[in-house]
Amino acid sequence: MTEHAERPMIDVAVTEVIRRPVGVVADYASDPWHAPEWYANISEVEWKTPGPLQVGTELAFVAHFLGRELRYTYAVVEQTVERLVMRTAEGPFPMETSYGYVSMPDGTTRVTLRNRGTPNGFSRLVAPFMRIAMQRAMRKDLAALKRVLEHG
């Protein structure tokens, strides 16, 4: 496989500053039960392994994106106060989602949400459109997270 073929075709990151301490933001945003409250496209979350959330935990999600229902299972591969990284264990295409939390000097938190992956099959053909749609959806999701955490 060439170096180019190994790179993800989709790599989207968005950032938002939330006026809450990093611990509050990370605890809420990293809790899978909260995902349907701020992710517009996620309708269901199911724990495939027993809690608490830790490296090795598997979670099944049902999402609706670009008019299609997507079912996928993520495995947690990294978890700290500053970062949560999950990779697909099962799903329509290999994807990694990461959350980064940085405490700012003024007590706010800079959140970075990143999705990257390599679509296959039909998804590969529409990857440029997926990138744009993902970026738009991710911006809306972080705006919703900000509203939830700043205004309850």
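The values are calculated or read from the model by the stated rules, or taken from the named source; none is laboratory data. Remember, it's a predicted structure, so these values are computed and weren't measured experimentally. Virtual Cβ from ideal backbone geometry, glycine too; neighbours counted across all protein chains shown.
Quick one: which of Ala89, Ala75, Ala63, Ala40 is part of a strand (DSSP E or B), out of contact with any Cys (no Cβ under 6 Å at 6 or more places or on another chain) and closer than 20 Å to Arg136 by Cβ?
Step by step, each of Ala89, Ala75, Ala63, Ala40 is checked, and only Ala63 is part of a strand (DSSP E or B), out of contact with any Cys (no Cβ under 6 Å at 6 or more places or on another chain) and closer than 20 Å to Arg136 by Cβ.
Are there any pairs, at least 6 apart or on different chains, whose C-beta atoms fall under 6 Å, with the first in the range 23-35 and under 18 Å from Gly152 (Cβ atoms) and the second in a helix (DSSP H, G or I) and of a type in the set (Ser, Thr, Tyr), and if so, which?
His34/Tyr28
Just checking, how many residues over the range 92-117 are part of a loop (DSSP other than H, G, I, E, B), among the hydrophobic types (A, V, I, L, M, F, W, C) and either touching an Asp or Glu at 6+ places or on another chain (Cβ under 6 Å) or surrounded by fewer than 18 Cβ atoms within 10 Å (Cβ to Cβ) (or both)?
Number satisfying all stated conditions: 1.
Name the single residue that is nearest to Ala137 (Cα to Cα) among those in the range 92-122 being aromatic (Phe, Trp, Tyr) and at pLDDT below 95.
Once the filter is applied, the top-ranked residue is Phe93.
Output the number of residues of the range 55-81 satisfying the condition of being surrounded by fewer than 17 Cβ atoms within 10 Å (Cβ to Cβ), within 22 Å of Val102 (Cβ to Cβ) and touching a residue at least 12 places away in the same chain (Cβ under 8 Å).
4
Say we look at the range 22-53 and pick out the residues that are farther than 23 Å from Gln135 by Cβ and aromatic (Phe, Trp, Tyr); which of these is surrounded by the most Cβ atoms within 10 Å (Cβ to Cβ)?
Trp47
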